[in-house]
Each structure stands twice: as C-alpha cells, then as structure tokens.
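The structure appears right after this line, and notes come after that.
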Amino acid sequence: MKKTLIVAAAAGLLSLTACGHKTDAADNVVANADAAADNMVANTDAVADNMVDNASATADAMKDNASNAADAMKDHAENKADAMDAKTK
C-alpha cells in the first residue's frame, strides 16, 4: 500500500512539475515526495544491511557448530583408540 501511495505521489509530482506551476503547495508536495523517497531508500538499505549481517552471523554459527562437531568426533575417536590400547596392554 505504501509503495502504491509513493508511486501515485511521484506521478502527481511529475504532473505538477511538468505544468511549470510554482506554488507553495506544489513545492510542499515535491518536498514530501522527495523525503518519502529518501526514507524508502534508507529503509531499504538498512534492511539489506541487516540481511547481510544476519546471513554472515548465521554462516559463522554454522561454521562454529561444524568445527565443534568435528572436534567432538576427533576426541571421541582418540578416546576410543586409547581405550583399545589400554585393553591390549
């Protein structure tokens, strides 16, 4: 809904600027649409940054979990080998 409103506002702005009428109301509409567009860009950038940060954190967590699982498997194998060595002595 907001995107539709912004697109409609932008279309209205284009028609106002094409007419060449310079009124305070037209200037206010242009300023408001510019501010709305700037806010959309800022919000989109923030969402994209958050997505990248979250993906990076998730990848790091997955790497850590895999490393921990590998270490646990190695430790288990070493313990089993030690137990087998102890039985043969």
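The values are calculated or read from the model by the stated rules, or taken from the named source; none is laboratory data. From a predicted model like this one, the values you see are computed outputs, not experimental measurements. Here Cβ is always computed from backbone atoms with ideal geometry, including for glycine, and neighbour counts include all displayed protein chains. These accessible areas exclude ligands, DNA and RNA; they are computed on the full protein's heavy atoms, side chains included. Shrake-Rupley method; radii C 1.70, N 1.55, O 1.52, S 1.80 Å.
A few points about this structure:
- For residue 23, the accessible surface of its heavy atoms amounts to roughly 70 Å² (probe 1.4 Å, protein chains only, rounded to the nearest 10).
- Other residues within the sphere of radius under 11 Å centred on the Cβ of residue 71, judged by their own Cβ, net out at -2 (K and R +1, D and E -1).
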